[in-house]
Amino acid sequence: MSARGTGKKRGLARRVAVIVGLLVIAPLVTSAVDHGNFNASYWEARRDPTGMAPDPAVAKEAVIQVYAARTFGWRGAFAVHTWFAVKPRDAKAYLRLEVTGWGVNHGRNAVRMHNGSPDNIWFDNVPYKLADIRGPEAETLIPKILDAAKRYPYDHRYEAWPGPNSNTFTAFIARAVPELKLELPAIAIGKDYLPNGSWFARAPSGTGYQVSAFGLAGLMVGTQEGLEVNLLGLVFGIDFEKPALKLPGLGRLGWRDGVREP
């Protein structure tokens, strides 16, 4: 091989290394510094309410809220945990719907549906709202959400990566109830794990479509999601509707994750 050919290959390798560093390594390191808690303790982590959900004693109308918060410990550098909180009209408490992995290997159900705080801090990580729907629209959608939660196919299985996990559950409900128009964060690892071995599905927002190989590789195109490329669960993309770049760990650079306000 000529010296010129060797030089071209080395130059290409350097350019690839720079691209990988800019798109993968740098965002993950930055996210680890900002969000990774490597000395965290479950027992000492905060779980108190944030007050973002309306008080059911005051707000009589139906309410649907969807939350996301960085996951516990070092995993917070990579991903968020998502959940639903719903309150039918005149209900005195919220019903919280989510998937967690604690106890699943010992026979406990992955899907947890229980009355409780809708907006509490998730083990030291303050949540933010992905959706907030109230009134007659919420009244119509709550039965559909509850029905979809009961049909979730992985109630006895949990895998933090690449899924099925809490974000797989949230995405499953979103696809079953497209009226939610729910766009999940790019760092919601597991959202691209399609149920029952499927390779093709609607985007969670219902505004586009995606192909995915077991959550490990795929492509999503949607009006709300924009363009997302999934490699080993890490999402790279661009949002054209709410201009932003999507990078592993950091999530969005630009317009923050959207919220449907009441």
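For Val99, the residues 5 or more places off, or on other chains, whose built amide H falls under 5 Å of its own are Arg112.
Placing +1 at every Lys and Arg Cβ and -1 at every Asp and Glu Cβ, with all other atoms neutral, what dipole size does segment 127-262 have around its Cα centre, in debye to the nearest 20?
Its charge dipole is roughly 100 debye.
Approximating the spin labels as points 7 Å out from Cα along Cα→Cβ, the Val211-to-Ala57 distance works out to 5.5 nm.
Ranked by the mean number of other Cβ atoms within 10 Å per residue, highest first, peptides 117-126, 184-193 order as 184-193, 117-126. For Gly208, the residues 5 or more places off, or on other chains, whose built amide H falls under 5 Å of its own are Ala203, Thr223.
Along segment 133-140 the Karplus relation, 6.51 cos²θ - 1.76 cosθ + 1.60 evaluated at θ = phi - 60°, assigns HN-Hα couplings of 10, 9, x, x, 4, 5, 4, 6 Hz to successive residues, with x for each Gly and Pro. Electrostatic tally near Met113: other residues with Cβ closer than 14 Å to its Cβ, Lys and Arg +1, Asp and Glu -1, net +3.
Applying 0.36 nm per residue to the separation of Val229 and Glu137 and subtracting their alpha-carbon distance, the gain on full extension is 29.9 nm. Taking segment 184-222 and a reference point 7 angstrom along Cα→Cβ of Glu241, the backbone N atoms nearer than 13 Å belong to 184-185, 203-209, 221-222. Placing +1 on the Cβ of every Lys and Arg and -1 on the Cβ of every Asp and Glu, with no other charges, gives segment 35-146 a dipole of roughly 240 debye about its Cα centre.
Computed from the Cβ-Cβ distance with R0 of 35 Å, the FRET efficiency linking Ala93 to Glu159 stands at 0.65.
Applied to segment 187-198, the Karplus parametrisation 6.51 cos²θ - 1.76 cosθ + 1.60 on θ = phi - 60° returns per-residue 3J(HN,Hα) values of 8, 7, 4, x, 5, 8, 7, 7, x, 6, x, 5 Hz, with x for Gly and Pro. A simple rule links phi to the HN-Hα coupling: the Karplus curve 6.51 cos²θ - 1.76 cosθ + 1.60 with θ = phi - 60°, which for segment 213-221 gives 9, 6, x, 9, 7, x, 9, 10, 10 Hz, with x for Gly and Pro. Among 141-153, 167-179, the peptide with the highest mean count of other Cβ atoms within 10 Å heads the list, and the full ranking is 167-179, 141-153.
Quick note: the coordinates plus some simple rules give every number you see, no bench work behind them. Not measured: the values here are computed from a predicted model. Methodologically, a virtual Cβ is constructed for each residue, glycine included, from the backbone with ideal geometry; neighbour enumeration extends over all protein chains shown.
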